[in-house]
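The values are calculated or read from the model by the stated rules, or taken from the named source; none is laboratory data. All values reported here derive from a predicted model rather than from experimental measurement. Methodologically, a virtual Cβ is constructed for each residue, glycine included, from the backbone with ideal geometry; neighbour enumeration extends over all protein chains shown. The protein model used for the area step is the full one, side chains on, heavy atoms only, and it has no ligands, DNA or RNA in it. Shrake-Rupley method; radii C 1.70, N 1.55, O 1.52, S 1.80 Å.
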Amino acid sequence: MTAAAAATPMIRMSGVDKFFGPLHVLRNIDLEVPKGQVVVVLGPSGSGKSTLCRTINRLEPIDKGTIEVDGQPLPAEGRALAKLRAEVGMVFQQFNLFAHKTIVENVMLAPVRVRGVGKDEARRTALELLERVGIATQADKYPAQLSGGQQQRAAIARALAMRPKVMLFDEPTSALDPEMVQEVLDVMTTLAAEGMTMLVVTHEMGFARKAADRVLFMADGEVVEDATPEEFFGAPKSARARDFLGKILTH
Amino acid sequence: MRFTRMLRVGAAVAALALAAACGGGGGGTSGKSLAQRAKDTKKLTVGIKFDQPGLGQKTPDGKFEGFDIDVARYVAKQLGVDEGNIEFKKAESAQRENMIEKGEVDYVVGTYSINDKRKEKVSFAGPYFVTGQDLLVRADNTDITGPDALNGKKLCSVKGSTPAQKIKTDFSQQAELQEYGGYSECLTGLSTGKLDALTTDAVILAGYAAQNPGKFKLVGKVFTEEKYGIGLKKGDAEGRDAINKAIEKMISDGAWKASLEKHVGPAGYKIPDPPTVSEK
Amino acid sequence: MDFLSRYDLLGAFWVTVQLTVFSAIGSLVWGTVLAAMRVSPVPVMRAFGTAYVNLVRNTPLTLIIIGASLGLYSTLGLALADDTSGTFLKDNNFRLAVLGFVAYTATFVCESLRAGINTVPVGQAEAARALGLRFGQTLGIVVLPQAFRAVIAPLASVLIALTKNTTVASAIGVAEASLLMSEMIENESDKLFLVFASIAVGFVVLTLPTGLLLGWVAKKVAVKR
């Protein structure tokens, strides 16, 4: 690999603006995420962090600026966009497993339909992934039969089945009962340790401290702080970050 | 055929229920003869067709005209009722017996063929006109000369009607039948050439031909016999005799022929000889 | 009761069944296509779907069926059967009627399906898109299968309505149950109630099991969330 290729960031956003009607939800965002980096995005609700995450695979279109994934600008709707999305894994707050398909069918679906992988091979891979996230025994159940934590781990397996270059997590533990949060975070921590490029929107400070390479703090649609976890949690520079941390940590 | 049996049992049950439910009504004019009622009240209610050109038609401005209307008025007059005191009611084919039985109308003059089945429920006076099933074709048609020349032809009639059933049973080998809800749809197909002939009672066809001058003509070979009678409540012998007398008078004083010439004559329809009143 | 054996009730209801089955299959296909158009991201398709549904759904069925016969065939000359077969009118009328029923019933299938699509959470489609499925795949693999399961009961109502609506085909001479009823009324004026009752019973025999069966299926395949 040449030096130039290695230097291509996995995600690059420059001058990104996004409005919801009169609401300016993303303000002039500039961001580069190098390959292999684990970025945790923190911030109060309404700060635009979820929207930021969703613009990267164009679930939310942007109004101004450019976004590149692995050096490739995001295409408009259509085949090219579908192809790019196939390489960007996404995990949602509400899991969004396909309710009419079993767990293993959920994991197999995209490899078979998008990549054209044979069914037997897709099933084998799917079962390996379910094994990895610890729910192989639930493979033939329907999503509604699983606990929230199990469903979220299945959703991670489903995203991983496409062998993505980067994984986006949009508040993956916010809809979970407290006792199930850790099992999901464990899977994510393992993934981070394996070198996956990740962008994680979360409120889990423990995860940010332990697994993140970098913390972004957002407020009112802007990136207010961009620091290592040690710097951010040890000595936050902005008043808003101090205020935020004060509220979170005394909880 | 278990299905059929089941259907029959179900039908019987439903019919009984309906009969029980409806049994209480009707009978409003029971007892007295319609001739007596006409004399007493100077009013009559008559069932007619509203949509039969030349015979019984309600015009857009609310008037009634046609041969059946003239007969109805003539009879009323003989019974002592003025034209203005006749109330005309729309009598659909399937409704006629029912309306007479329940006393909704005093009598019906509406292309009403006399037959034994109907006589089980109503009495008839007349006949006041005898016609038969004929064919109406485009004016320029030459190859349909009668019922024997229907090979490969497309005929049209009103769905379920006796003329339509006659074609199905007697001519289904030669001709195809198009059934529509009304004669006007048949005329559309006939004028665009998609259909070759319209078939029903000759006098009805004559009415349509007269309504569309120069476009259609009657073939003029009737192949059934239909005797139009005036329907009234079963067993009203006095009323029937009075109506019969009126019909005979209408025929003998020339009003009968004059009315036919006015309403169905323009189509070139040859007016048949008047019938002999035979319902006694 | 012997008069019933003089009529081919079974034959007439068989035509009713055929009209219903062919029209149902056609409406399901065309209705699904219309629903796909109405939720598609292409504005022209959405506009067509909306215009079609609003126009056809609000036109009386009798008008559509008679229009198919008088307009498409008598005036424009559209023939859907072999003119020399000797059964041309019978076949052509049947097919024109099916065409009319499909055009009409599809609008109701489309609207039921659209309601069903709305019961599928947005996240289902987002997850599908995020995995790289294209619009058609998202709709066909993820959204519609769930939407269908949600609307089996309303679709059963559409099917029952269609079964009864097939009586309109008698207006252009298709020999189904209600046309036979017209003949029976003409000939059996003394047994009107029996005639009505036997036809009514026939329709209940057709539609009641349809409703029960599809109600059971709806419960069976319901998507648990």
Practice item. May I ask you to verify whether residue C:195 is without any contact (Cβ under 8 Å) to a residue 60 or more places away in the chain, within 14 Å of chain B (Cβ to nearest Cβ), open to solvent by less than 20 Å² (accessible area, probe 1.4 Å) and of a type in the set (Val, Ile, Thr)? Key: yes
Exercise for review: Select the helices (runs of 4 or more DSSP H) contained entirely in region C:106-188, then report the ones holding at least 1 residues which are facing another protein chain (nearest Cβ under 8 Å).
Suggested key: C:122-130, C:144-150, C:177-187
Exercise for review: Report, by residue number, each residue of region B:78-90 that is more than 21 Å from the chain's Cα centre (by Cα) and either in contact (Cβ under 8 Å) with a residue 40 or more places away in the chain or under 16 Å from residue B:56 (Cα atoms) (or both).
Suggested key: B:78, B:79, B:80, B:81, B:82, B:83, B:85
Review point. Which residue, of C:50, C:32, is within 21 Å of the chain's Cα centre (by Cα) and open to solvent by less than 40 Å² (accessible area, probe 1.4 Å)?
Key: C:32
Exercise for review: Filter region B:156-185 down to the residues that are surrounded by fewer than 19 Cβ atoms within 10 Å (Cβ to Cβ) and within 18 Å of residue B:132 (Cβ to Cβ), then identify the one that is nearest to the other protein chains (Cβ to nearest Cβ).
Suggested key: B:165
Practice item. Residues being within 24 Å of residue B:43 (Cβ to Cβ), more than 13 Å from the chain's Cα centre (by Cα) and within 14 Å of chain C (Cβ to nearest Cβ): count how many of those fall in region B:103-122. Key: 1
Check your understanding: Among the strands (runs of 3 or more DSSP E) confined wholly to region B:144-257, which include 1 or more residues that are closer than 24 Å to residue B:121 by Cβ?
Key -> B:154-158, B:197-201, B:226-233
**Study point:** Single residue of region B:91-102 satisfying the filter (within 12 Å of chain C (Cβ to nearest Cβ) and open to solvent by 70 Å² or more (accessible area, probe 1.4 Å)) that is nearest to residue B:52 (Cα to Cα)
**Key:** B:92
Review point. Since residue C:205 meets every condition but one in (1) surrounded by fewer than 19 Cβ atoms within 10 Å (Cβ to Cβ); (2) of a type outside the set (Gly, Ala, Ser); (3) facing another protein chain (nearest Cβ under 9 Å); (4) more than 19 Å from residue C:21 (Cα to Cα), which condition does it not meet?
Key: (4)
Review point. If you check every pair at least six apart or on different chains, which have Cβ atoms under 7 Å apart with a residue in region C:1-21 that is within 11 Å of chain B (Cβ to nearest Cβ) and over 16 Å from residue C:159 (Cα atoms) first and a residue that is among the hydroxyl-bearing types (Ser, Thr, Tyr) and buried (at least 22 other Cβ atoms within 10 Å of the Cβ) second?
Key: C:4/C:198; C:9/C:198
Check your understanding: Which ones in region B:56-72 are under 13 Å from the mean Cα position of the chain (by Cα) and open to solvent by 20 Å² or more (accessible area, probe 1.4 Å)?
Key -> B:57
Point to revise | Filtered residues of region A:140-185 (kept if crowded, with 20+ Cβ neighbours inside 10 Å, of a type in the set (Gly, Ala, Ser) and more than 30 Å from residue A:12 (Cβ to Cβ)) | key: A:149, A:154
Revision key, fill the gap. Requiring at least 1 residues that are among the aromatic types (Phe, Trp, Tyr), the strands (runs of 3 or more DSSP E) wholly within region A:141-251 are A:166-170, A:214-219
Practice item. Would you mind finding the one in B:267, B:258 that is modelled with pLDDT under 90 and open to solvent by less than 30 Å² (accessible area, probe 1.4 Å)? Key: B:267
Review point. Condition test on residue B:76, is it modelled with pLDDT of 85 or more and under 19 Å from residue B:258 (Cα atoms)?
Key: yes
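Conditions (1) of a type in the set (A, V, I, L, M, F, W, C); (2) open to solvent by less than 10 Å² (accessible area, probe 1.4 Å); (3) under 23 Å from residue B:158 (Cβ atoms), marked per residue:
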position	(1), (2), (3)
B:45	no, no, no
B:75	yes, yes, no
B:104	no, no, no
B:135	yes, yes, yes
Check your understanding: Taking residue B:201, is it closer than 28 Å to residue C:174 by Cα and within 14 Å of the chain's Cα centre (by Cα)?
Key -> yes
**Study point:** Identity of the residue in region A:71-91, assigned to a loop (DSSP other than H, G, I, E, B) and open to solvent by 10 Å² or more (accessible area, probe 1.4 Å), that ends up farthest from residue C:136 (Cα to Cα)
**Key:** A:71
